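Notes for the one structure printed next.
Readers should treat all values here as calculations from the given coordinates under stated rules, not as data from a laboratory. What you are looking at is a predicted structure, and each value in this text was computed from that prediction instead of being measured. Glycine also receives a Cβ, built like all others from the backbone with ideal geometry; neighbour counts cover every protein chain displayed.
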2 protein chains.
Amino acid sequence: MSDEGTTGGGFDVPSGRPAEMPTPRPGDPRLARLSLNQRTIAGWSLREAIDGTLQAGLGSIGLWREPVATAGLSTAASWIAESGLRVSSLCRGGFFTAADPALRRAAHEENLRAIEEAATLGAPTLVLVPGGLPEGSRDLVGARSQAAQAIAELAPVARAHGVVLGIEPMHPIFTADRGVVSTLAQALDIAEQFPVDEVGVVVDSFHIWWEPDVEQQIGRAGERIVSYQVGDWITPLPADSLLSRGMMGDGHIDFGFLTGAVAAAGYTGDVEVEIFNAEIWAAPGADVMATVLRRYMQLIEPWLQKTEV
Amino acid sequence: MSDEGTTGGGFDVPSGRPAEMPTPRPGDPRLARLSLNQRTIAGWSLREAIDGTLQAGLGSIGLWREPVATAGLSTAASWIAESGLRVSSLCRGGFFTAADPALRRAAHEENLRAIEEAATLGAPTLVLVPGGLPEGSRDLVGARSQAAQAIAELAPVARAHGVVLGIEPMHPIFTADRGVVSTLAQALDIAEQFPVDEVGVVVDSFHIWWEPDVEQQIGRAGERIVSYQVGDWITPLPADSLLSRGMMGDGHIDFGFLTGAVAAAGYTGDVEVEIFNAEIWAAPGADVMATVLRRYMQLIEPWLQKTEV
């Protein structure tokens, strides 16, 4: 029996288990909202990532500033325009926290450049990683206040460029050294101080799946959701916590539950697969992409549809 | 110049840095509320831990069920009674979550034994580690509900034994595999369903330091705080997340801030040093104890005093 909408078999990466379903083929309309975050297949250059995303039939790509800079901003922008792909987000701005005012000013300048790049690339949102405690500091309340203040200074600039700032709450495993905004609730407390077309929030399954009232907070977020990113929480936790994200379905996150909540909140944007994992980076990009497509179809896409009535 | 209240010098463990202050001597009244959690010096037997705690001049010890069982419950109880030490807590009950009702019944039975042991040892509280997601389950809401239900079944038994159940919210790094109660706020939502002499909460710096509204939640906890445990959050995070706690002062936690909040909430009980760390376990127990005394005097004790007016 042939199924023209799919290609067959193969093995999932990085688990090595036989695929549980055929791989959806390019042109399958159910892939329209799927976005590949570049860092999921870190071995691909920007050109390769655009080509791989097109060949797989996705509608969108999530870009990072570093590979964009390597290609050159204007080259990258023209490649994207020619491709017809949407840019789901640009990663990343932020890193606001520092003891030295000169460092905070430097971060502000860097974020201004990031906003311009997002606008040039047609990215609707710039993802903001708030930054951790300043070197040697234990003043978490102060660091959180610094992050909020820095966002306030960027918000009107972002608006003028047609870019919405997306605050990414980060799992508390990263509070000390990467992101002092620790819950979706806390991100919303900041975002709600600004107009909805200036500051929103990033819902990343890896970071917020454990949050006690996550369903209510996603509902509260509503139109402030500027990006929905997916990746799993796996155990045992890999030794390098920065690379501890797993392929959807390999871990403990209930993607139906989260995706349903995001859809019910009114989100109709792209779903960006963002996984940092050494085993996935070591696998061939095409195999990673095929697994991403299957897992998306199995675990996420049905819950996007259900609530689109 | 001699300082009769202290002994000199030495090196901190595990950092190897020269001690920043003399080690307080036994008899120093400022040590009265300090408790050694047995697992901080895991190489000590119960007998050695009691002796080491007495020799250092602490007022209290935090016990674990396993070394108590090794010594024998009645022997352990008589040793404790003879020592004059308070038992700050017994670790640990809990592990409530399981898909199989038979496993949940077995956990209930085990918790009944733990309550009896706490009563026999004179421990005012039994620390409850809720347990992670049941094997193969992604139903976090359901697991949290199981934990709350199990606590409801134990609460009257604990009260009859004069033991308060202490729900320990656990850092979200452990939500999947160890503790589904992830914030002090969530622990209080459960505890407040019961009388204050049945169910309280454990404030462990390592687990809750990052919580966005931690100061308010500690204030809310008030007389429900049945244990204050201290240990630091260090980076880079050790590869084994279960052993990722650090000596107070070696990491990112502001102990003055947390301790002041706990004191302001009215807590007048013991301060239990609980650190799981392979490097600390590898160091001589006496050196660990000396470092604990110094760091306690430097980072914690002054903030207990300040608010005891």
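Residue check: is B:Ala185 among the aliphatic types (A, V, I, L, M), over 26 Å from B:Arg220 (Cα atoms) and without any contact (Cβ under 8 Å) to a residue 40 or more places away in the chain? No, not satisfied. Selection of region A:241-262 for residues being at the interface with chain B (Cβ under 9 Å from one of its Cβ atoms) and either in a helix (DSSP H, G or I) or farther than 15 Å from A:Pro14 by Cβ (or both) yields A:Ser241, A:His252, A:Ile253, A:Asp254, A:Phe255, A:Gly256, A:Phe257. Given the criterion out of contact with any Phe, Trp or Tyr (no Cβ under 9 Å at 6 or more places or on another chain) and part of a helix (DSSP H, G or I), identify the matching residue among B:Ala152, B:Ala143, B:Ala106. One residue alone meets the criteria, B:Ala106. Mind checking whether some residue in region B:89-106 is farther than 27 Å from A:His252 by Cβ and surrounded by fewer than 21 Cβ atoms within 10 Å (Cβ to Cβ)? Among the residues of region B:89-106, not one is farther than 27 Å from A:His252 by Cβ and surrounded by fewer than 21 Cβ atoms within 10 Å (Cβ to Cβ), which makes the answer no. Since B:Phe276 meets every condition but one in (1) within 13 Å of chain A (Cβ to nearest Cβ); (2) surrounded by fewer than 22 Cβ atoms within 10 Å (Cβ to Cβ), which condition does it not meet? Checking B:Phe276 against (1) within 13 Å of chain A (Cβ to nearest Cβ); (2) surrounded by fewer than 22 Cβ atoms within 10 Å (Cβ to Cβ), the one that fails is (1).
Apart from one condition, B:Gly269 fits all of (1) surrounded by 22 or more Cβ atoms within 10 Å (Cβ to Cβ); (2) more than 13 Å from every other protein chain (Cβ to nearest Cβ); (3) assigned to a loop (DSSP other than H, G, I, E, B); the exception is (1). Scanning region A:209-235 for residues that are at the interface with chain B (Cβ under 8 Å from one of its Cβ atoms) and without any contact (Cβ under 8 Å) to a residue 24 or more places away in the chain yields A:Pro212, A:Thr235.
For A:Leu126, the conditions (1) surrounded by fewer than 22 Cβ atoms within 10 Å (Cβ to Cβ); (2) under 30 Å from B:Trp209 (Cα atoms); (3) more than 12 Å from every other protein chain (Cβ to nearest Cβ); (4) hydrophobic (A, V, I, L, M, F, W, C) are fulfilled apart from (1). Taking (1) under 14 Å from the mean Cα position of the chain (by Cα); (2) within 20 Å of B:Arg86 (Cβ to Cβ); (3) among the β-branched types (Val, Ile, Thr) in turn, B:Thr268 satisfies each apart from (1). Within region A:64-87, residues that are of a type in the set (A, V, I, L, M) have Cβ atoms under 8 Å from residues that are surrounded by fewer than 18 Cβ atoms within 10 Å (Cβ to Cβ) and part of a helix (DSSP H, G or I) in these pairs: A:Ala71/A:Arg47; A:Leu73/A:Thr120; A:Ala77/A:Thr120; A:Leu85/A:Leu54, counting only partners at least 6 apart in sequence or on another chain. Determine whether A:Val164 is in contact with a Gly (Cβ under 7 Å, 6 or more places away or on another chain) and of a type in the set (Val, Ile, Thr). The answer is yes for A:Val164.
Considering region B:169-201, the residues that are part of a loop (DSSP other than H, G, I, E, B) and in contact with a Leu (Cβ under 6 Å, 6 or more places away or on another chain) include one that is farthest from the other protein chains (Cβ to nearest Cβ), namely B:Pro169. If you check B:Ala148, B:Ala155, which single one turns out to be within 14 Å of chain A (Cβ to nearest Cβ), surrounded by fewer than 24 Cβ atoms within 10 Å (Cβ to Cβ), more than 19 Å from the chain's Cα centre (by Cα) and touching a residue at least 40 places away in the same chain (Cβ under 8 Å)? Result of the check over B:Ala148, B:Ala155: B:Ala148.
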